[in-house]
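One structure below.
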2 protein chains.
Amino acid sequence: MKQELEIKPVDHNNFDDFLQLVDKLAEYEKLMPPDKDAKKRLKNDAFSKNPRYEAYLVEKDNQYIGYIILILTYSSFLALPTLYIEDIFLLPDQRQNGYGTKMFDFCKKIANEKKCGRIEWHVLDWNKPAINFYNKQKAVHLREWLYYRLTKDHF
Amino acid sequence: MKQELEIKPVDHNNFDDFLQLVDKLAEYEKLMPPDKDAKKRLKNDAFSKNPRYEAYLVEKDNQYIGYIILILTYSSFLALPTLYIEDIFLLPDQRQNGYGTKMFDFCKKIANEKKCGRIEWHVLDWNKPAINFYNKQKAVHLREWLYYRLTKDHF
C-alpha cells in the first residue's frame, strides 16, 4: 500500500536533504548549482527573522523525493500578491504517480491561504513533461511578455 | 536650464498622483487598470507594517512624470535576492531626454544597496522602444524560460 505523500516546511534537521535536492534540480536543468557559500546563504535566508523564501520538502516512505520554493511577488494592476514558484522539483524516478499534481495542489492551497490573485512561474522551453503538466492545469503561457535579466556585472 | 530629476518614495501626500500614473501605464499597455477596491489595496499594501512593494515617483518641475514599483524575489541557485521591476513607467511625452536611463540607474542603485545578484522584469513584445532601451543596458532576454500563470479561477 502506498504511503501518503507528506509536504512539510524545510527545517534545520532536513536542510541537508533539501540542499541535495536543489543540486539535483540544477543538474536536471543543466544550470549551475549553488556553491558552498550560496548554500550557507540559502540556510540563512530560510531561517532569518524575515525569511527570503519558503521551502517545503516532499516526503514518501521516509525519503525526500521533491521540494518546492515559494516567494510572494505582487501585481500592481490587480493589487494582490502573486504566489511565485521559484522551484518545484520531483525526482525523475518518482514521476507519473500523481505526486506532481499533489505538489501543485499544495501550491494552490498556499496561494489561497495567502489570498493571491495569481500563481506564476517560469519553465525551460525544452522541459516538455513539465510544460504538458502545466497546460493540463489550465495554466496560461504568457508569450507576449518577454523575460529580461540584468546580471550583477552590469550594475 | 533643466531641473534635475528627483526620484522619491511614494508617500501619503503623493499617493493619488502615483495612482494616476499607474492608470496611465495600464492604458499604455492596454491592460486593465486597478479598480476602486484595488486602489485601496495598493495603498494598504504600500504603507502596511510589511509593505508588499516599494514605489517611487519621478518628479521634474513640480510634476510627476513617472513611477517605479520594485519587489524583492530570490534566486535559489545564486542564493541572492533579485530586484524585480514590477513597473517602470515614464510618460510618453517625457521620453528621449535621458530620464529613463536615470530611472533605470536608480533601480541599479537599489539593487546594489539590497545586495541583489540580478535585476529582472518582463516587457511586452510589442513595446519596441522599451526593448531597445533594455538591450542597450546589456540586459539579456531569457528566451528559453517560458512565463506561465494560473489565474484565480483555477485555484
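The values are calculated or read from the model by the stated rules, or taken from the named source; none is laboratory data. Just so it is clear, the model here is predicted, and its values are computed rather than measured. Glycine also receives a Cβ, built like all others from the backbone with ideal geometry; neighbour counts cover every protein chain displayed.
In summary, A:His12 fulfils each of the numbered conditions (1) within 14 Å of chain B (Cβ to nearest Cβ); (2) surrounded by fewer than 12 Cβ atoms within 10 Å (Cβ to Cβ); (3) modelled with pLDDT of 95 or more with the single exception of condition (1).
Inspection of the range B:42-53 identifies no residue that is of a type in the set (Asp, Glu) and farther than 27 Å from A:Asn44 by Cα. Just checking, which of B:Asn97, B:Asn62 is at pLDDT below 95 and loosely packed, with under 12 Cβ neighbours inside 10 Å? On inspection, the qualifying residue turns out to be B:Asn62. Of all the residues in the range A:8-31, those that are in contact (Cβ under 8 Å) with a residue 12 or more places away in the chain and not polar (S, T, N, Q) number 14. Considering the range A:117-133, the residues that are free of Cβ contacts under 8 Å to residues at least 12 places away in the same chain and surrounded by 18 or more Cβ atoms within 10 Å (Cβ to Cβ) include one that is nearest to B:Ile110 (Cα to Cα), namely A:Val123. Condition check for A:Pro51 on (1) more than 21 Å from A:Tyr84 (Cα to Cα); (2) modelled with pLDDT of 95 or more; (3) surrounded by fewer than 17 Cβ atoms within 10 Å (Cβ to Cβ): one failure, at (1).
Residues that are out of contact with any Cys (no Cβ under 7 Å at 6 or more places or on another chain), of a type in the set (S, T, N, Q) and free of Cβ contacts under 8 Å to residues at least 40 places away in the same chain within the range A:74-96 comprise A:Ser76, A:Gln94, A:Gln96, listed in sequence order. Is at least one residue of the range B:69-80 within 27 Å of A:Asp35 (Cα to Cα), in a loop (DSSP other than H, G, I, E, B) and of a type in the set (Ser, Thr, Tyr)? Yes, the range B:69-80 has at least one match.
If only residues of the range B:119-130 that are within 15 Å of the chain's Cα centre (by Cα) and within 8 Å of chain A (Cβ to nearest Cβ) are counted, the one that is nearest to A:Arg41 (Cα to Cα) is B:Ile119. Within the range A:135-154, being farther than 12 Å from B:Trp145 by Cβ, without any contact (Cβ under 8 Å) to a residue 12 or more places away in the chain, facing another protein chain (nearest Cβ under 7 Å) and not aliphatic (A, V, I, L, M) holds for A:Lys138, A:Glu144, A:Thr151, A:Lys152, A:His154. Of all residues in the range A:110-118, none are in contact with a strand residue (DSSP E or B) (Cβ under 7 Å, 6 or more places away or on another chain) and under 21 Å from A:Leu31 (Cβ atoms). On the stretch given as the range B:89-118, residues that are away from chain A (no Cβ under 11 Å) and in a strand (DSSP E or B) total 1. Within the range A:32-68, the set of residues being in contact (Cβ under 8 Å) with a residue 40 or more places away in the chain and under 11 Å from the mean Cα position of the chain (by Cα) comprises A:Glu54, A:Ala55, A:Tyr56, A:Leu57, A:Gly66, A:Tyr67, A:Ile68.
Which of the residues belonging to the range B:21-69 are acidic (Asp, Glu) and facing another protein chain (nearest Cβ under 9 Å)? Listed by number, the residues that qualify are B:Glu29, B:Asp35, B:Asp37, B:Asp45. Do the conditions hold for B:Cys107, that is, is it under 27 Å from A:Arg41 (Cα atoms) and in contact with a helix residue (DSSP H, G or I) (Cβ under 8 Å, 6 or more places away or on another chain)? The answer is no for B:Cys107.
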